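Read through the structure below, which is laid out as structure tokens, and then see the notes.
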Amino acid sequence: MDATPSRRQFLSATLAAGTAVVAGCTDSLRSGETERELELSLSREDGPLRESFVVDLSETRSPDDEDAFAAAVNGEAYTSQYRRPFYSTADDPEYVEHEGTYYRLGAVVVDEETVTHPVLRLSAAGDAGSEDTPDGVPMESLPDGDRRAVRIAYKAARARGNVGGAPWGLVQRGGYVYRDETAVETSDLLGADGPDHVTHRETVYAVGVTRETFHEPVYRATAEPVADSPEQLEAVIRAQFVDARFSRADISQAARDVLREAENGGYSESHPYSDGYREVLRALHRRAYLDGNIEKDAGVADDGRRMVLYDGTYFDYWLRFTGGDEA
């Protein structure tokens, strides 16, 4: 929603970039396979938590967010079809400050609409310029809406049968769904006399257009007042996300070393864990990991990212198994 990468995108990128198996905890081999290890990764959150959660509506991705917020604050119903206002969710909430009050942004589904949209799908016909390949209309010569459609439908076509997938937030039903009326009205591809082939990145693609039924949610924007000061909002966010709090003085030097390595690329150990690692797991209230077999503990799930307040600084942290048959 924000003009900058979302908090979730940033955290996902941070985790994906972290690989390290640190000195003293290198992968060992058992029966020719990598031994299963529990890896802890930390990502420092500089500054107050509210800086990552409070947004400026004038800088968000949707130009309608300001109108949606104004209506919600005034008790008016502002609805949108298919697209959720604000993109604020329970796992990744967003807040806005207005006249000294902080509001949590959200949306609720209040209805359903059945609509028909054109869907563009592309399939590779051959290399551009080949004698066996039909001529295609250059993607660059198409209207703006069609160019966007081709760029996204191309990614779906490229992903078929190949490793790497496609951006499924954009690709839908194996292609691109035209939802913007202006794009539909100005399209060259959707007309009865539209081109059968289009050229993109030196490849000619056959154009396939269908008109399909969609059942889309209707959302009503919400804005719930939750705090009257920055400090109160900080407490609200901290209560929701921070589930462990301790200081350096509370733990041993061995445990401090584990946390330092975890922030510096990741820290891994195989079971049975060292005293320092076990101490960290207890301090994080993740005792279910201590026996090394959390998957077999009834009712205990690996629920991904959590946060810890360590020595006055916030950290996101993850625990995951690497190596072995269960990685």
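The values are calculated or read from the model by the stated rules, or taken from the named source; none is laboratory data. Since the structure is predicted, the reported quantities are computational estimates derived from the model, not experimental observations. For neighbour counting, all protein chains shown are included, and Cβ atoms are generated from backbone atoms with ideal geometry for every residue, glycine included. With ligands, DNA and RNA removed, areas are computed over all heavy atoms of the protein, side chains included. Shrake-Rupley method; radii C 1.70, N 1.55, O 1.52, S 1.80 Å.
General remarks:
- Set side by side, the residues Asp193, Asp188, Asp180, Asp135 differ, and just one is over 30 Å from Glu224 (Cβ atoms), of a type in the set (D, E, K, R) and touching a Leu at 6+ places or on another chain (Cβ under 7 Å), which is Asp188.
- Candidates Glu261, Glu269, Glu231 - the one that is over 30 Å from Arg104 (Cα atoms) and open to solvent by 50 Å² or more (accessible area, probe 1.4 Å): Glu261
- Of all residues in segment 109-135, those that are open to solvent by less than 70 Å² (accessible area, probe 1.4 Å) and either among the small types (Gly, Ala, Ser) or assigned to a strand (DSSP E or B) (or both) total 13.
- Of the residues making up segment 167-187, those that are surrounded by 17 or more Cβ atoms within 10 Å (Cβ to Cβ), in a loop (DSSP other than H, G, I, E, B) and aliphatic (A, V, I, L, M) number 1.
- Within segment 136-166, considering residues that are surrounded by fewer than 17 Cβ atoms within 10 Å (Cβ to Cβ) and of a type in the set (A, V, I, L, M), the one modelled with the lowest pLDDT: Val163
- Condition met for Arg256 (modelled with pLDDT of 95 or more and under 30 Å from Asp291 (Cβ atoms)): yes
- Any hit, segment 92-101, residues being surrounded by 14 or more Cβ atoms within 10 Å (Cβ to Cβ), among the acidic types (Asp, Glu) and in contact with a helix residue (DSSP H, G or I) (Cβ under 8 Å, 6 or more places away or on another chain): yes
- Looking only at segment 82-141, residues that are more than 21 Å from the chain's Cα centre (by Cα) and closer than 25 Å to Gly208 by Cβ come to 28 in all.
- Flag if Thr210 is open to solvent by 50 Å² or more (accessible area, probe 1.4 Å), within 20 Å of Arg121 (Cα to Cα) and polar (S, T, N, Q): yes
- Within segment 62-83, residues that are farther than 12 Å from Val108 by Cα and open to solvent by 90 Å² or more (accessible area, probe 1.4 Å) reach partners that are in a helix (DSSP H, G or I) and aliphatic (A, V, I, L, M) with beta carbons closer than 8 Å, at six or more positions or on different chains, in the pairs Glu66/Leu57.
- Hits in segment 190-243 (condition: without any contact (Cβ under 8 Å) to a residue 24 or more places away in the chain, farther than 30 Å from Asn74 by Cβ and among the small types (Gly, Ala, Ser)): Gly191, Ala192, Gly194
- Residues that are within 23 Å of Arg286 (Cβ to Cβ) and surrounded by 17 or more Cβ atoms within 10 Å (Cβ to Cβ), drawn from segment 37-51: Glu37, Leu38, Glu39, Leu40, Ser41, Leu42, Ser43, Glu45, Leu49
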